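Accompanying notes for the structure given below.
The values are calculated or read from the model by the stated rules, or taken from the named source; none is laboratory data. Remember, predicted model here, so these are calculated numbers, not experimental data. A quick note on method: Cβ atoms are made from the backbone with ideal geometry, for glycine too, and the neighbour counts reach across all protein chains shown. Calculation scope for accessible area: heavy atoms of the full protein, side chains included, ligands and nucleic acids excluded. Shrake-Rupley method; radii C 1.70, N 1.55, O 1.52, S 1.80 Å.
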Amino acid sequence: MRGIYIPFLCLALCIFPLRSLAASILTVPDAYPTIQAAVDAARSGDRIFIRAGIYRERVRVQKPLDLVGEDPLKVLIESPDPDAIAILVEPLNGDVSIQGIHVQNGRWGILYSVASSGELRIRQCIISDNRFGLVASGRMCVVEESFFWGNDVDVILDSGDLRLSNCEIFGVWSTHWASVYLVGSEDETSHFIMTNCIIGLVERAIICDSSHCNISISGEQNRMHAFESLFKSSCSTISLPENFWDSSWFEDVNYAIHCWNRGYDLQKLGQLREALIQLENALETAQHADFPILKAYLNTEVGLLYTQMGLYENAILEFTKAIDVYTARSMRAYIAETQMWVGDVYRDLGMYDRAWQLYQQARDTYETIGLWHYVSSAAGATLRRGLMLKDIGLHDQALDCFISARGVFMGLGSAVPHWLLSGATSDIYIGDCKASLGAYAEALQFYDEGLSLFKNYGDDLGVAMCLNRIGRLRMMEGKNEEALSFFMSALDSLNEATYKAGTQTSFPSEWIELLLDKGAAHESLNQLVEAANAYQRAVEIAESIRGHLLTEELKHAWGERTQNAYERLIDLLYRIGQGSSALPYTERCRARTFLDLLARGPVEALTNVLEEGIKTGVVDPERIKADLWEAITDLPDNTAVLEYFVTKKVLYLWVITRGRVSDPLQIAIGRAELLDLVLAYRQEIESFTPGAEAADALLRTNKLGTKLYDLLIAPAEENLNEIRHLVVVPSGPLHYVPFAALYRCPKCDEPRGGKYLGEMFGLSYLPSLVTLKYVQQRGQPTAGEPRFLGMADPDTRDPRFERLPEAQKEVRAIAARFPYAEVYVDREATEDILNARTVDMRYIVISTHGSFNPYNPMFSYLLLAPTERTDGKLYTHEVFRLRLQADLVTLSACETLLPSLREAKRQIQVVRSTPEEKSTQLTPEMLERITAGDELAGLTRAFIYAGTTTVMASLWSVYSEPTKDFMVRFYELLQEGKTKAEALQQAQRELRELYSHPVYWAAFQLVGDWR
């Protein structure tokens, strides 16, 4: 800033020397409990040193003193009465200095009133959130290197002389009236001198309102910008002198604000890339103009846009830059607000412990500010904490947050009525928590209170939300016709709301929720046609939503509601005997889920994705239906597809062979029970340790494998005659099942002498059946010698992840089988190499750790070696930008499910403040999110979209030496002419002969084209 605003890094005691050797230093609070007590005890010329702290008191200085704070970022004098003076300076004679102090919350921040000679010198102070920041009525007031913000009027010259140098002044737009207000006295000329100061983001910069025109203005090198006027004078004889302000700086700031406004308008229209260009132009201009506060504002706006675009790391970086500027100026309210934005980012990423801590910090910061107009902001932070807790199923803790926030909003509403609407919204959240905890009568009371408030203020959305919830309670009481009338009234209220760009309805998430409830009411009344119509309408709305709107408005509850829409419809179609017609809806659900995953990541990952009928961010049902039938008719004669669809109450299975779709098999197990079985199976497999008890461990594993076989495969056996290859399309927890290890032993008391599914059939997987069309359209590999790329054991420089030296041996051993191979390990295994060398490689092996994010799968990543240009994290959303022509990408050393469960438990411990040694149970909401399988489907689809036909990935961390032999043998078999499925089946069989337990041989799965 061209030398303006020296950071407060040195102790204030070292800046000004003592007035004389006889002067004393009085320390607050060491020697005196209050500043005023020290002032009263001091003699003329003494220094009062104020240590870090918040001092809620009024200070009156009537003698020459130095009032010195330890650090203006740490020493706050706050008027206990917003209609009073925070610091009154009226010495009978001599000079007063104030330095290193933050003054706020007074009608007058600092009032200097003296008729005698002498001066007031203010240096390195912060004066904020007052009605009038500084009022000078003395002989001479000098203000240096100080910062004014949030005052209605920052500086008033009532009489005498005022000199400002190296200061920053900016306003809060909603309350700011003027930066400098010049009045002057009748008796003598007042002199106003301003040098090298910044005034910006204000309505009016300087106003001269002297009835006597007895004011002299001088100065130079100032940078000023105002929205209404730079200078306004009631005296035609008074004007700003030449060179007083920099006109080019004014133009720069004007242009930056123009770009900002343009970017904001484009953002509202959903044109996010264009909005980012405008905001980046604004940022560059603000940087060139050297205007830190404007730059911090723009950093925040860019951070919010990056959040909407799913570029979360970029967003955090921009928010951090803004926080640095705000921190250097003790702008605590701005710090707290930005902390909440960062908390929102971590919430989106599923890092609930970090989000929780940031919301807590923001709330605490608002509360320590102590100003009444930040009370609502503190309540907003509490509300955010409650919503996050509600998201993850901690309803008891969420309830406490909502009740606390509601109390604040209702209290504020007595003075400012619009806060009552925030209180009414809190009523809904409280009612939801009460209902989840089984307190239905109390829930109804809060819904009724909220409904009354929303009706009084004409809030259609709020009315609809309350009516919807009251209808649900009526259904619980068996009053289905009454419930249906509430749902219909709620839909009428939603119809009154304004439609949003890119949607067929206003508030689509609420529409879907209401339609699902309406359909359930129709089902309860045996009105099945009406129920089907309601569910189909909900699906249509889900499929109409553009991805950017999803990220902006719907991300937290959206996935659950859209999944429920498909589940309800498929259940109903089965019940009315139209189960075979439900298969396209399962594929549409998978397509919608994929789109939702993309929309949670960067916008770039959403662009031009055509797979599964997704065009420009919209699911195309007709294209999916056509592609599905084409995939079915093109299946080989010896191949069957097992397509599963998990719902809350049951599991559906379609057996699909060439040109034929069976009626769905309904398997009597719901999501929660199935999840328990899958978890038990995976934990049993992965808890295996070689040793004397290995035979018993194998027996236990096969016993669970038999349960899963009987559940998942046995019902379809009669359709599998003469089938040699099975394609599994999993759903929910089934993504984590190693189907090859399912054990067929129908007449065994103990699971001995049976067969593994992987022995009976070749196996592969697809994220959806429609995907098969696209991977097989890629055609056969290019002619010529196959080229191999191996990347293993990168030096990630992250101590959380162990090195994988055996992976280097594995990749080199595979590479030795190829006439042309490139291998990169250690620090050479980088994103740059992967981007540059994958284009013409037929086989790619990436043997490295992976970190899977089940909450936001686009931010799962594979670890590589970082460089100056890259962070060493190959995110799922970045994989979409790779340009592959590979026939097979192998991802070794990945580990899924159980690490996510351990991390989720750790987060719950942080949020609940539970000691680490105590057992922690995950909520059903968290379990469902963690085990949806989206992180696996997202990563494999990303590689398929990038150009490979097949991905082979591990489900758990495998033993190094057996895996090396297995992988080398697998690639040998490929070179001998085996298909990928045949090579995998034989390599697993040979490894099983040496190592019988599935932990050794069942981890790897083929996803995509098995040929």
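Results, tabulated for the structure shown:
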quantity: Residue that is nearest to GLN975 (Cα to Cα), among those in region 804-815 that are open to solvent by 20 Å² or more (accessible area, probe 1.4 Å) and charged (D, E, K, R); calculated: ARG812
quantity: Matching residues in region 856-870 - criterion: being open to solvent by 20 Å² or more (accessible area, probe 1.4 Å), touching an Asp or Glu at 6+ places or on another chain (Cβ under 8 Å) and touching a residue at least 40 places away in the same chain (Cβ under 8 Å); calculated: THR870
quantity: Qualifying residue in region 343-356 (condition: under 26 Å from THR320 (Cβ atoms), out of contact with any Phe, Trp or Tyr (no Cβ under 7 Å at 6 or more places or on another chain) and free of Cβ contacts under 8 Å to residues at least 40 places away in the same chain); calculated: yes
quantity: Residue list for region 388-409, restricted to those being among the aliphatic types (A, V, I, L, M), closer than 18 Å to CYS466 by Cβ and crowded, with 19+ Cβ neighbours inside 10 Å; calculated: LEU399, ALA405
quantity: Residues of region 113-142 classified as among the charged types (D, E, K, R) and in contact with a Cys (Cβ under 9 Å, 6 or more places away or on another chain), total; calculated: 2
quantity: Residue match in region 967-990 (condition: surrounded by fewer than 23 Cβ atoms within 10 Å (Cβ to Cβ), modelled with pLDDT under 90 and out of contact with any Leu (no Cβ under 9 Å at 6 or more places or on another chain)); calculated: no
quantity: Number of positions in region 861-891 that are assigned to a strand (DSSP E or B), touching a Leu at 6+ places or on another chain (Cβ under 9 Å) and not charged (D, E, K, R); calculated: 7
quantity: Residue in region 828-844 that is at pLDDT below 90, open to solvent by 30 Å² or more (accessible area, probe 1.4 Å) and in contact with a Phe, Trp or Tyr (Cβ under 7 Å, 6 or more places away or on another chain) present; calculated: no
quantity: Within region 311-327, considering residues that are hydrophobic (A, V, I, L, M, F, W, C) and open to solvent by 10 Å² or more (accessible area, probe 1.4 Å), the one modelled with the lowest pLDDT; calculated: LEU311
quantity: Hits in region 425-445 - residues which are open to solvent by 50 Å² or more (accessible area, probe 1.4 Å), assigned to a helix (DSSP H, G or I) and over 26 Å from ASP348 (Cβ atoms); calculated: TYR440, ALA441, GLU442, GLN445
quantity: Filter result for ASN151 (surrounded by fewer than 22 Cβ atoms within 10 Å (Cβ to Cβ), of a type in the set (S, T, N, Q) and under 18 Å from HIS225 (Cβ atoms)); calculated: no
quantity: Helices (runs of 4 or more DSSP H) lying entirely in region 342-418 (those with 3 or more residues that are at pLDDT 90 or above and over 26 Å from GLY450 (Cβ atoms)); calculated: 352-369
quantity: Qualifying positions in region 64-75 - in contact with a helix residue (DSSP H, G or I) (Cβ under 8 Å, 6 or more places away or on another chain) and closer than 21 Å to GLU119 by Cβ; calculated: LEU65, LEU67, VAL68, GLY69
quantity: Options PHE818, PHE761, PHE801: the member that is surrounded by 20 or more Cβ atoms within 10 Å (Cβ to Cβ) and either within 30 Å of TYR709 (Cα to Cα) or in contact with a strand residue (DSSP E or B) (Cβ under 7 Å, 6 or more places away or on another chain) (or both); calculated: PHE761
quantity: Per-region count, region 998-1011, residues in a loop (DSSP other than H, G, I, E, B), open to solvent by less than 30 Å² (accessible area, probe 1.4 Å) and touching a Ser or Thr at 6+ places or on another chain (Cβ under 7 Å); calculated: 3
quantity: Inter-residue pairs, beta-carbon under 8 Å, first open to solvent by 70 Å² or more (accessible area, probe 1.4 Å) and in region 234-251, second in a helix (DSSP H, G or I), 6+ apart; calculated: none
quantity: Matching residues, region 811-840, being of a type in the set (A, V, I, L, M) and more than 21 Å from LYS873 (Cα to Cα); calculated: ALA813, ILE814, ALA815, ALA816, ALA821
quantity: Failed criterion for MET858 (all others in (1) in contact with a Pro (Cβ under 9 Å, 6 or more places away or on another chain); (2) farther than 29 Å from GLN975 by Cα; (3) assigned to a loop (DSSP other than H, G, I, E, B) hold); calculated: (3)
quantity: Among the residues listed as ALA813, ALA740, the single one being more than 19 Å from TYR861 (Cβ to Cβ), assigned to a helix (DSSP H, G or I) and in contact with a strand residue (DSSP E or B) (Cβ under 7 Å, 6 or more places away or on another chain); calculated: ALA740
quantity: Subset of region 281-310 (residues that are within 24 Å of SER330 (Cα to Cα) and open to solvent by less than 10 Å² (accessible area, probe 1.4 Å)); calculated: ALA286, ALA289, PHE291, ILE293, LEU294, ALA296, LEU298, ASN299, VAL302, GLY303
quantity: Test result for LYS500, in contact with a Ser or Thr (Cβ under 7 Å, 6 or more places away or on another chain), at pLDDT below 95 and not aromatic (Phe, Trp, Tyr); calculated: yes
quantity: SER422 vs. criteria within 21 Å of GLN397 (Cβ to Cβ) and outside any loop (DSSP other than H, G, I, E, B); calculated: yes
quantity: Residue within region 950-961 that is in contact with a Cys (Cβ under 9 Å, 6 or more places away or on another chain) and either more than 19 Å from PHE688 (Cβ to Cβ) or assigned to a helix (DSSP H, G or I) (or both) present; calculated: yes
